[in-house]
1. Tell me which residues, restricted to the range 133-188, are among the aromatic types (Phe, Trp, Tyr) and either open to solvent by 100 Å² or more (accessible area, probe 1.4 Å) or assigned to a strand (DSSP E or B) (or both).
2. Of the residues that sit in the range 69-83 and are open to solvent by 20 Å² or more (accessible area, probe 1.4 Å) and hydrophobic (A, V, I, L, M, F, W, C), which one is nearest to the chain's Cα centre (by Cα)?
3. Does the range 84-127 hold any residues that are open to solvent by 70 Å² or more (accessible area, probe 1.4 Å), outside any loop (DSSP other than H, G, I, E, B) and in contact with a strand residue (DSSP E or B) (Cβ under 7 Å, 6 or more places away or on another chain), and which are they?
4. Give the range 14-46 a look and list any residue that's free of Cβ contacts under 8 Å to residues at least 40 places away in the same chain and among the polar types (S, T, N, Q), or say none.
5. For residues in the range 27-68 being among the basic types (Lys, Arg) and closer than 13 Å to Gly111 by Cα, which is least open to solvent (accessible area, probe 1.4 Å)?
6. May I ask you to list the residues in the range 7-17 that are modelled with pLDDT of 65 or more and open to solvent by 100 Å² or more (accessible area, probe 1.4 Å)?
7. Starting from residues that are without any contact (Cβ under 8 Å) to a residue 60 or more places away in the chain and not charged (D, E, K, R), keep the ones in the range 74-88 and report whichever is nearest to Lys100 (Cα to Cα).
8. Using the structure shown, decide if Gly111 is within 30 Å of Leu155 (Cβ to Cβ) and in contact (Cβ under 8 Å) with a residue 24 or more places away in the chain.
Amino acid sequence: MVKKRRLRLIADMARKIRAYRELKSRPRESQKYALDYETMRRPLTGKMLPVLAWPDVRRESRLFSLLAGMRMFGVGRLFTRKSWLEEHAEPCYWQITKVKVDYTSENMDHGKAWGILTLKGKPEDEVKELDKVMYHDWRLVPKHMEQQMKDFEPLPEPPVRYVPFPPLLRAMMLARHKKAFGSIMAEEPVLPLRRDVLLNKDYFRKQEQETQRTEGTPV
């Protein structure tokens with residue numbers, strides 16, 4: 001006979017209440033990423049920002065600091081980052097499609113945003129959530145530059161000319177090099193997919209002599 005399972009309604013309810021209280025007591029993003037600009041410390045954790053980040057923190061803005069002062073919270077506009085402008089020559093930006101603002105924050109400068117990422121001039125197909133919105137390096141793309149950035153056509157990818165050797169052949173080459181020279185090969189061996197051969201007069205002369213030697217001279 002199967003023993004019936006005892007219902008523990010009070011214990012289940014207590015477990016749900018504890019989980020709900022833990023969820024409610026969890027700090028919000030406005031508390032988690034709050035910053036004292038005089039001491040450059042976060043009040044919640046007491047951690048200090050890296051010294052190299054202080055100039056950007058004082059001059060640049062976070063994403064929601066820009067969105068909070070815009071119509072419809074910047075939906076449809078383009079935003080880029082200072083690090084992208086310094087690292088890439090191609091346009092890199094986010095096009096905002098959806099914004100969820102944390103209205104409990106003091107200046108409504110915290111929340112979540114979604115958009116379409118364009119990295120090195122190549123737009124992605126799916127909408128994703130923006131990351132690193134709390135960084136102090138976000139910039140709004142001016143209206144007169146939006147179409148120029150959207151019309152950018154990236155250069156085609158160069159063809160692949162080298163591929164790695166198969167594992168067994170690579171191991172044999174490394175072992176042979178170590179046995180011959182007593183040291184490890186400095187560069188990784190690669191297999192060229194295309195071999196450029198310089199053809200000159202001597203090459204064709206040798207080919208003609210080889211053909212005459214095998215076939216003979218015509219009568």
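The values are calculated or read from the model by the stated rules, or taken from the named source; none is laboratory data. Because the structure is predicted, anything quoted here is derived from the model rather than measured. As a convention, Cβ positions derive from the backbone with ideal geometry for all residues, glycine included, and neighbour counts pool all protein chains shown. Accessible surface is based on the protein model in full, side chains and every heavy atom, while ligands, DNA and RNA are left aside. Shrake-Rupley method; radii C 1.70, N 1.55, O 1.52, S 1.80 Å.
1. Filtering the range 133-188 down to residues among the aromatic types (Phe, Trp, Tyr) leaves 135, 138, 152, 162, 165, 181.
Within the range 133-188, Tyr135, Trp138, Tyr162, Phe181 qualify.
2. Val75
3. The answer is Lys98, Lys100, Lys112, Pro123.
4. Initially, the range 14-46 is screened for residues free of Cβ contacts under 8 Å to residues at least 40 places away in the same chain, giving 14-27, 31-32, 34-46.
Hits for the range 14-46 are Ser25, Gln31, Thr39, Thr45.
5. First pass over the range 27-68, keeping only residues among the basic types (Lys, Arg): 28, 32, 41-42, 47, 58-59, 62.
If we keep only those that are closer than 13 Å to Gly111 by Cα as well, we get 28, 32, 62.
Values: Arg28: 115, Lys32: 98, Arg62: 25 Å².
Top of the filtered list is Arg62.
6. Arg8, Leu9, Ile10, Met13, Arg15, Lys16
7. Val75
8. No, not satisfied.
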